[in-house]
Every structure is written in C-alpha cells, then in structure tokens.
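A.B. asks: Sending over a structure as structure tokens; questions will come in a sec.
The values are calculated or read from the model by the stated rules, or taken from the named source; none is laboratory data. Predicted model, so just to flag it, every value in this text is computed and none were measured. Positions of Cβ are backbone-derived with ideal geometry, glycine not excepted, and every protein chain shown enters the neighbour counts. These accessible areas exclude ligands, DNA and RNA; they are computed on the full protein's heavy atoms, side chains included. Shrake-Rupley method; radii C 1.70, N 1.55, O 1.52, S 1.80 Å.
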Amino acid sequence: MRLCGADPETVRRALETGDPFPGTRGFAGEIDGTFVRDVLGRVPLFVDAAGVEGGSSCDSIAAWAFEPMRLEVPVPVPAGTVVDADELDRLVAGGTDLETDDFPKPRWTVPDPKPESDRDVALEELETAIRSATDDVRSADLDVAVAFSGGVDSALVAELLDAPLYVVGFPDSHDVEAARTAADAMGRELTVVELEPADLERAVPEIVRATGRTNAMDVQIALPLYFVGECVAADGFDALAVGQGADELFGGYEKVVRLDHRVDAETTRGAVREQIRSLPDQLPRDVLTIEATGLEPVAPLLHDDVVEAALRLPDTLLADEKTRKRGFRRVASQYLPEEVATRDKKAVQYGSLVARELDRLARQAGYKRRMDDHVSKYIASLLEDRDERDE
C-alpha cells in the first residue's frame, strides 16, 4: 500500500460510501490492490503507458508514480478514479496510445450544488469550514510559510495560519507592491523575492522536468510558485501554503459573470461549477512545482469541507458585475482590513511580470510574436540547451 494525502481508513470509508468529500486535503495512490485519486485531483497520480515487464502494476514501482518524471510515458490518472490493479494492467498493456479517456468512469464526481436558502447559515458554514481547514494545517507538524500576493485569498490564509509571508516578482511588479501594501495594512512583515531574467532561463527546465508541461501558460503560472518555494525552502521551512482554489470555488473570474466564449454555461452558478471542474487539470502543475523545491504544498481553501461549503453558497454570494467572490469576501472581512478583503488581484503570471519577461526573453532569442506560440517554442529551446549540456 502506497497512499499519499490521507489515512487509509478515511479512504476505505470513502470507497464504501461513495462520499466525494470525506474530509481530506486530497489523496491518491494504491490501497488494498486498488488505485484511487480524489475527486479534485489534489494529489497527482500517473501510470506509465510504456508498460512494465512482468508483475502487476501494484507490485511494480515502474508502472505508476506520484511524479511524471519517474515514468517513461506518464499518463495522468483522472480525478475521482477507482481502478483495481488488474484492470490498470490491462489499460497499461495497451501501450503508448493510452489516454485519460480510456480509464473507467470516475467513481467520485463533483456533485450538483445544493445552495443553502439562508445566507447567514451559508456564511457561517463557510467560515467554520475555512477555520477548520487552517486549524488542521496549524496542528500538523509543519513549519509553514505563505505565498503571498496581497490578494484576499492568500491574505486570509496568511492571517489564519499566522505564518511568514513571501512574495515574488520583478522590480516594480504589481504583486510586489500589492503584497507590501497588504502586509502593511495587516501589520505583518514580508519577504520580497526579486527576480532577474536569468532566473527564468534557469528555472524553466526544472519546472518542465517536474511537471511534464511545456506550454507557455502552465510554465508562466508555475514560475512564481517555484521561485517562492526555492526561497522558502532555503529559509528552512517544510511547507508552502497557497490560496489556490478560491477563484474557482467562489466565483473569482470575470468570465463567470460575463458568460463569454470562455465558458459553456448560461448562468453564473453553472460557470462557477465549470471552474471547479477545471481544478483537476490545474492542481498537479502547482503541486508538482512546489514539491520540486523540496516543500510540501498546503492549500487550506481546497479542503473537502471548504469545497462542500462553497457548493452550498446561494447565488447571491457568488459573483455579480460589481463584486466577485462575494461570500468569501464577507468571511474574509471578519479577519482582514477592508482594503485587503475587497481587493482584486492580477493573475500571478501577469502580476509578477513573469509572463512579460519570458515573452521578452523569447523575442530576444529570435522567437518573434508573429510565430505561432512563440513562447512555448522558446521554452522548448531552453530544454534542448539543458539536455545538450547534460549529455
């Protein structure tokens, strides 16, 4: 048995009851000859489409892993999957054509929202869930620091964990300034990690190796996490806490209000659910990036209890044209200065100026914007250079 993220009895109970939210921060691995991955994919899990020579997948470490770099042809196991070792062997025996869609239908899925009719009750449930999730982190034997952007998500996590704050960005970036003003308003000290272009060139191959992802957007999002993690690890901490999940759970994106071409839903509620269902694709990138720095990732706002409470928020506590994450901000306002609880933020790749600088490096290297996906091509060139140096 090799299970990551939860105790075996909790997972066995979830298997028996079919409960998608058994009170964990996510889990994946092998238990009693069965491979499992939680409903939101908070713990990465991969199988090797290259197959194995003899033995069952359960017995061979070469057949599956929590990190893609350990496998020859890694294929992610879908979130919510429950598959026994024999069936997994049959899938792997199909060879390198194995795809995510080939796996059995997920056992656990994100349930339809059941909004609480009483707004005050819904807010109380959400606050209780968030406090419980952060208390769970505080009770663990971990020395934690917080990746702090100055936005309401990381600010609430920082306040409830009472952990040191770290921000990363190029000089004069939005995130560094926002983090400084938020930390001042909260009466907290802040460690600023200022970047240089050479940092990007060094880190890109490491991130691709850890995550298995080479597209520009994923790498741009992962870079700030990687740099914060490096600094936090160097300072002797065990774990990095993040505010991930809040935008998806509580209606933090403009597109869930505009209902434009980026969403299929016709209502804000439906669009928010779409974003929740996008988490299994995003989270492995962030988890693997943080783990590549030697730290344990901690995301209190993605605890099962918080997700359940988010699904119970009435529509009026989600988002409208004036305010996004309405319910979440109501809870946060009880712990944070108003200027922080009501603050909007930029996506980390833009707020840190990482996307801008990576684009500039690509153009300097001859990958012009008129080229299709020029930044991804530049990323591929950095990998080739690293491979040549390693040979």
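A.B. asks: Regarding P300, is this residue in contact with a Gly (Cβ under 7 Å, 6 or more places away or on another chain), buried (at least 20 other Cβ atoms within 10 Å of the Cβ) and under 19 Å from R25 (Cβ atoms)? Quick ask: steps written out before the conclusion?
C.D. replies: Numbers: in contact with a Gly (Cβ under 7 Å, 6 or more places away or on another chain): no; buried (at least 20 other Cβ atoms within 10 Å of the Cβ): yes; under 19 Å from R25 (Cβ atoms): yes.
No: the conditions fail for P300.
A.B. asks: Taking the range 213-230, which residues are crowded, with 19+ Cβ neighbours inside 10 Å and more than 15 Å from the chain's Cα centre (by Cα)?
C.D. replies: If the condition is that a residue be crowded, with 19+ Cβ neighbours inside 10 Å and more than 15 Å from the chain's Cα centre (by Cα), then A216, F227, E230 are the ones that fit.
A.B. asks: Among the residues of the range 138-150, is there at least one that is farther than 20 Å from E189 by Cβ, hydroxyl-bearing (S, T, Y), free of Cβ contacts under 8 Å to residues at least 24 places away in the same chain and open to solvent by 60 Å² or more (accessible area, probe 1.4 Å)?
C.D. replies: Yes: the range 138-150 contains one or more residues that are farther than 20 Å from E189 by Cβ, hydroxyl-bearing (S, T, Y), free of Cβ contacts under 8 Å to residues at least 24 places away in the same chain and open to solvent by 60 Å² or more (accessible area, probe 1.4 Å).
A.B. asks: Might you check whether a residue that is touching a strand residue (DSSP E or B) at 6+ places or on another chain (Cβ under 7 Å), in a strand (DSSP E or B) and touching a residue at least 12 places away in the same chain (Cβ under 8 Å) occurs anywhere in the range 214-226?
C.D. replies: Looking only at the range 214-226, we keep the residues that are touching a strand residue (DSSP E or B) at 6+ places or on another chain (Cβ under 7 Å), and these are 224-225.
Going one step further and asking which of them are in a strand (DSSP E or B), we end up with none.
No, the range 214-226 contains no residue that is touching a strand residue (DSSP E or B) at 6+ places or on another chain (Cβ under 7 Å), in a strand (DSSP E or B) and touching a residue at least 12 places away in the same chain (Cβ under 8 Å).
A.B. asks: Which one is nearest to the chain's Cα centre (by Cα) among residues in the range 156-172 that are small (G, A, S) and closer than 18 Å to V340 by Cα? Reasoning before the result, please.
C.D. replies: First, pick out the residues of the range 156-172 that are small (G, A, S): 158, 163, 169.
This time we only want the ones that are closer than 18 Å to V340 by Cα, so: 158, 163.
Details: A158: 17, A163: 20 Å.
Here the answer is A158.
A.B. asks: If you go through the range 265-324 one residue at a time, how many are out of contact with any Asp or Glu (no Cβ under 7 Å at 6 or more places or on another chain), of a type in the set (G, A, S) and closer than 25 Å to L160 by Cα?
C.D. replies: Number of matching residues: 4.
A.B. asks: Residue by residue through the range 178-196, note down the ones that are outside any strand (DSSP E or B) and in contact with a strand residue (DSSP E or B) (Cβ under 9 Å, 6 or more places away or on another chain).
C.D. replies: Step one: of the range 178-196, the residues outside any strand (DSSP E or B) are 178-189, 195-196.
Correct list: A178, A179, R180, A182, A183, D184, M186, R188, E189, L195.
A.B. asks: For the range 160-177, give me each residue that is more than 27 Å from A129 (Cα to Cα), in a helix (DSSP H, G or I) and either touching a residue at least 40 places away in the same chain (Cβ under 8 Å) or aliphatic (A, V, I, L, M) (or both). Let's see the steps before the verdict.
C.D. replies: Here is the first cut: in the range 160-177, the ones more than 27 Å from A129 (Cα to Cα) are 168-177.
Now drop any that are not in a helix (DSSP H, G or I), which leaves 174-177.
Within the range 160-177, H174, D175, V176 meet the criteria.
A.B. asks: Also, I was wondering about something else. Of the residues V152, V157, V204, only one is touching a strand residue (DSSP E or B) at 6+ places or on another chain (Cβ under 8 Å), of a type in the set (A, V, I, L, M) and closer than 21 Å to L240 by Cα; which? Give the derivation first.
C.D. replies: Details: V152 fails: touching a strand residue (DSSP E or B) at 6+ places or on another chain (Cβ under 8 Å); V204 fails: touching a strand residue (DSSP E or B) at 6+ places or on another chain (Cβ under 8 Å).
Of the residues listed, the single one that is touching a strand residue (DSSP E or B) at 6+ places or on another chain (Cβ under 8 Å), of a type in the set (A, V, I, L, M) and closer than 21 Å to L240 by Cα is V157.
A.B. asks: Answer with yes or no whether L313 is open to solvent by less than 60 Å² (accessible area, probe 1.4 Å), part of a helix (DSSP H, G or I) and not hydroxyl-bearing (S, T, Y).
C.D. replies: Numbers: open to solvent by less than 60 Å² (accessible area, probe 1.4 Å): yes; part of a helix (DSSP H, G or I): no; not hydroxyl-bearing (S, T, Y): yes.
No.
A.B. asks: If you scan the range 89-126, which residues turn out to be surrounded by 17 or more Cβ atoms within 10 Å (Cβ to Cβ) and assigned to a helix (DSSP H, G or I)?
C.D. replies: Of everything in the range 89-126, those that are surrounded by 17 or more Cβ atoms within 10 Å (Cβ to Cβ) and assigned to a helix (DSSP H, G or I) turn out to be D89, L91, V92, A122, L123, E125, L126.
A.B. asks: Scan the range 105-119 and give yes if some residue there is modelled with pLDDT of 95 or more and over 26 Å from G18 (Cα atoms), otherwise no.
C.D. replies: yes
A.B. asks: Residues of the range 242-266 being touching a residue at least 24 places away in the same chain (Cβ under 8 Å), in a loop (DSSP other than H, G, I, E, B) and either over 30 Å from T134 (Cβ atoms) or open to solvent by less than 30 Å² (accessible area, probe 1.4 Å) (or both), which ones? So that I can check it myself, show each step before the final result.
C.D. replies: If we filter the range 242-266 for residues that are touching a residue at least 24 places away in the same chain (Cβ under 8 Å), which is where we start, we get 242-254, 256-257.
Still in the list and also in a loop (DSSP other than H, G, I, E, B): 242-245, 251-254.
If the condition is that a residue be touching a residue at least 24 places away in the same chain (Cβ under 8 Å), in a loop (DSSP other than H, G, I, E, B) and either over 30 Å from T134 (Cβ atoms) or open to solvent by less than 30 Å² (accessible area, probe 1.4 Å) (or both), then V242, G243, G245, G251, G252 are the ones that fit.
A.B. asks: Among helices (runs of 4 or more DSSP H) lying entirely in the range 316-388, which contain 2 or more residues that are out of contact with any strand residue (DSSP E or B) (no Cβ under 9 Å at 6 or more places or on another chain) and either on the phi > 0 side of the Ramachandran plot or open to solvent by 40 Å² or more (accessible area, probe 1.4 Å) (or both)? It would help to see each step written out before you state the result.
C.D. replies: Details: elements: 326-332, 338-341, 348-351, 354-364.
Here the list reads 326-332, 338-341, 354-364.
A.B. asks: Mind telling me which of the residues T100, T109, T81, T128 ends up being free of Cβ contacts under 8 Å to residues at least 40 places away in the same chain and more than 30 Å from D175 (Cβ to Cβ)?
C.D. replies: Values: T109 fails: free of Cβ contacts under 8 Å to residues at least 40 places away in the same chain; T81 fails: free of Cβ contacts under 8 Å to residues at least 40 places away in the same chain; T128 fails: free of Cβ contacts under 8 Å to residues at least 40 places away in the same chain.
Sole residue among the options that is free of Cβ contacts under 8 Å to residues at least 40 places away in the same chain and more than 30 Å from D175 (Cβ to Cβ): T100.
A.B. asks: Working carefully through the options D136, D153, D120, find the one that is more than 21 Å from the chain's Cα centre (by Cα) and not aliphatic (A, V, I, L, M). Quick ask: steps written out before the conclusion?
C.D. replies: Working: D136 fails: more than 21 Å from the chain's Cα centre (by Cα); D153 fails: more than 21 Å from the chain's Cα centre (by Cα).
Only one candidate passes the filter, namely D120.
A.B. asks: Which residues, counting only those in the range 318-364, are over 22 Å from P171 (Cβ atoms) and without any contact (Cβ under 8 Å) to a residue 60 or more places away in the chain?
C.D. replies: K322, T323, S333, E338
A.B. asks: Are any of the residues in the range 275-282 surrounded by fewer than 19 Cβ atoms within 10 Å (Cβ to Cβ), touching a Gly at 6+ places or on another chain (Cβ under 9 Å) and among the charged types (D, E, K, R)?
C.D. replies: For the range 275-282, residues surrounded by fewer than 19 Cβ atoms within 10 Å (Cβ to Cβ), touching a Gly at 6+ places or on another chain (Cβ under 9 Å) and among the charged types (D, E, K, R): present.
A.B. asks: Here is a follow-up. Out of the residues in the range 20-41 that are in contact with a Phe, Trp or Tyr (Cβ under 8 Å, 6 or more places away or on another chain) and part of a loop (DSSP other than H, G, I, E, B), state the one that is most open to solvent (accessible area, probe 1.4 Å). Full working, then the answer.
C.D. replies: Going residue by residue through the range 20-41, those that are in contact with a Phe, Trp or Tyr (Cβ under 8 Å, 6 or more places away or on another chain) are 20, 28-30, 35-39.
Right, trim to part of a loop (DSSP other than H, G, I, E, B) and you get 20, 38-39.
Numbers: P20: 27, D38: 1, V39: 9 Å².
Restricting to residues being in contact with a Phe, Trp or Tyr (Cβ under 8 Å, 6 or more places away or on another chain) and part of a loop (DSSP other than H, G, I, E, B), the top hit is P20.
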